[in-house]
Amino acid sequence: MEWTDEAIVLSARPHGEAAVVATLLTRTHGRHSGLVQGGRSSRQRGNLQPGNRVSARWRARLADHLGTFTIEPIHNNAAGMLDDPLRLAALVSACTVTEVVLPDREPHEPVFHGLAALLEAFESPLWAPAYVRWELGLLQELGFGLDLASCAATGSNDALAYVSPRTGRAVSLSAGEPYRDRLLPLPGFLAGQPGWSEAEVLAGLELTGHFLERDALAHASSQAVAALPAARTRFIERYRKMATLPGSR
């Protein structure tokens with residue numbers, strides 16, 4: 001069994017003295033793991049950082065075996081963020097979320113292209129709202145998309161301000177006001193309004209996090225209780241601290 005594909009590194013975990021088990025998001029073969037011999041060498045460690053684009057050749061005797069990867073670098077995204085801990089935390093969060101919610105070896109090419117687009121967005125000042133939109137797109141691709149086009153109560157698309165945590169549908173300001181304590185805030189930039197703020201990004205992360213945990217993660221996990229990965233929590237904590245600094249943006 002053998003194939004070659006373009007991939008994004010999601011994680012690499014030590015295996016024995018010199019190897020690692022790498023988990024990649026491949027363009028046409030989905031989330032896929034394999035053994036990288038010599039993966040703990042200095043050269044390979046650099047190639048196997050989360051978020052890096054690589055060319056991967058996978059080989060195994062049988063299709064259901066772990067198999068081995070041969071990795072060749074394409075673009076080192078992580079290296080450009082080493083001096084920006086916040087963006088690096090967001091990159092690791094995106095890779096970790098992708099790893100835990102995607103089923104193993106199931107093709108999801110739109111998810112690959114979405115993550116690749118997010119990696120490019122990290123180079124722009126709009127990376128934070130792009131991250132929130134990326135999580136919305138991930139939910140959509142997994143079959144748990146939110147309906148933010150119009151108000152669930154009135155059918156109007158004016159003054160959308162909330163989202164029902166039960167149905168994932170938008171609710172207008174007037175219709176949702178009596179129930180605001182039971183609804184999730186809808187950030188303006190997700191409702192078609194211009195501009196964005198750090199507070200809106202945090203509200204967006206709360207929104208997507210609710211549905212990732214309730215739907216996508218619970219569906220993917222075999223455990224009775226599934227929780228969002230610690231890497232995402234660390235990113236949000238860093239972002240919240242940054243948002244409190246004067247002139248943070």
**Report entry** Cut-off under 5 Å, modelled amide H: who pairs with S11 long-range
**Finding:** T23
Report summary line: The helix 109-121 Cα axis meets the longest alpha-carbon principal axis of the chain at an angle in degrees, between 0 and 90 and rounded to 10, of 80
Query - For R169, distant residues with modelled amide H under 5 Å away - result: D147, S164
Report summary line: Expected field for M1, accessible surface area in Å² at 1.4 Å probe radius, rounded to 10, holds 120
Report task. Starting at the first residue of segment 162-172, write each ³J(HN,Hα) from the Karplus equation 6.51 cos²θ - 1.76 cosθ + 1.60 with θ = phi - 60°, in whole Hz, x for Gly and Pro. Result -> 9, 9, 6, x, 8, 9, x, 9, 6, 9, 6
Query raised in the report: What is the percent of Cα-Cα separations in segment 11-86 that go past 21 Å?
Result: 25
Query - When the convex hull of its Cα atoms is projected in every direction, mean area for segment 57-176 (nm²) - result: 10.1
Report task. Please give the per residue accessible area of the chain, computed with a probe of 1.4 Å over protein heavy atoms only, in Å². Result -> 50
Report summary line: Its Cα gyration tensor gives segment 171-211 an equivalent ellipsoid whose semi-axes in whole Å, largest first, are 18, 14, 8
Query raised in the report: Which angle between 0 and 90 degrees, to the nearest 10, do you get for helix 198-211 versus the longest principal axis of the chain when only C-alpha atoms count?
Result: 70
Requested in this report: Arrange the residues D5, D84, D64, D158 by how much accessible surface each exposes, largest first, with a 1.4 angstrom probe.
Outcome: D64, D158, D84, D5
Requested in this report: Run the dipole for segment 1-97 about the Cα centre, Lys and Arg Cβ at +1, Asp and Glu Cβ at -1, nothing else charged, and hand back the magnitude in debye, nearest 20.
Outcome: 100
Query raised in the report: Dividing the convex hull volume of the alpha carbon atoms of the chain by its residue count, what do you get in Å³ per residue?
Result: 136
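About the Cα centre of segment 96-249, what is the dipole size in debye to 20, counting +1 per Lys and Arg Cβ and -1 per Asp and Glu Cβ, all else neutral?
440
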Query raised in the report: Could you give the dipole magnitude of segment 155-198 about its Cα centre, charging the beta-carbon of Lys and Arg +1 and that of Asp and Glu -1, in debye to the nearest 20?
Result: 200
Query raised in the report: In deg cm²/dmol, rounded to 500, what helix-only [θ] at 222 nm does the chain give when every DSSP H run of at least 4 residues adds -39500 (n - 2.57) and the total is split over its residues?
Result: -10500 deg cm²/dmol
**Report entry** Accessible heavy-atom area order of D83, D147, highest first, probe of 1.4 Å
**Finding:** D83, D147
Query raised in the report: Between segment 10-56 and segment 93-172, how many Å separate their Cα centres?
Result: 26
Query raised in the report: How big is the shadow of the Cα convex hull of segment 136-249, averaged over all directions, in nm²?
Result: 8.2
Requested in this report: Give the Kirkwood hydrodynamic radius (Å, one decimal) of segment 1-135, defined as one over the mean of 1/r across all pairs of different Cα atoms.
Outcome: 14.9
Query raised in the report: Which far-off residues, 5 or more places away or on another chain, put their amide H under 5 Å from the one on G30, with H placed in the peptide plane?
Result: H108
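The values are calculated or read from the model by the stated rules, or taken from the named source; none is laboratory data. Computed from a prediction, not measured in an experiment: that's the story for all the values here. Here Cβ is always computed from backbone atoms with ideal geometry, including for glycine, and neighbour counts include all displayed protein chains. Note: accessible area is taken over every heavy atom of the protein model, side chains too, but ligands, DNA and RNA are not part of it. Shrake-Rupley method; radii C 1.70, N 1.55, O 1.52, S 1.80 Å.
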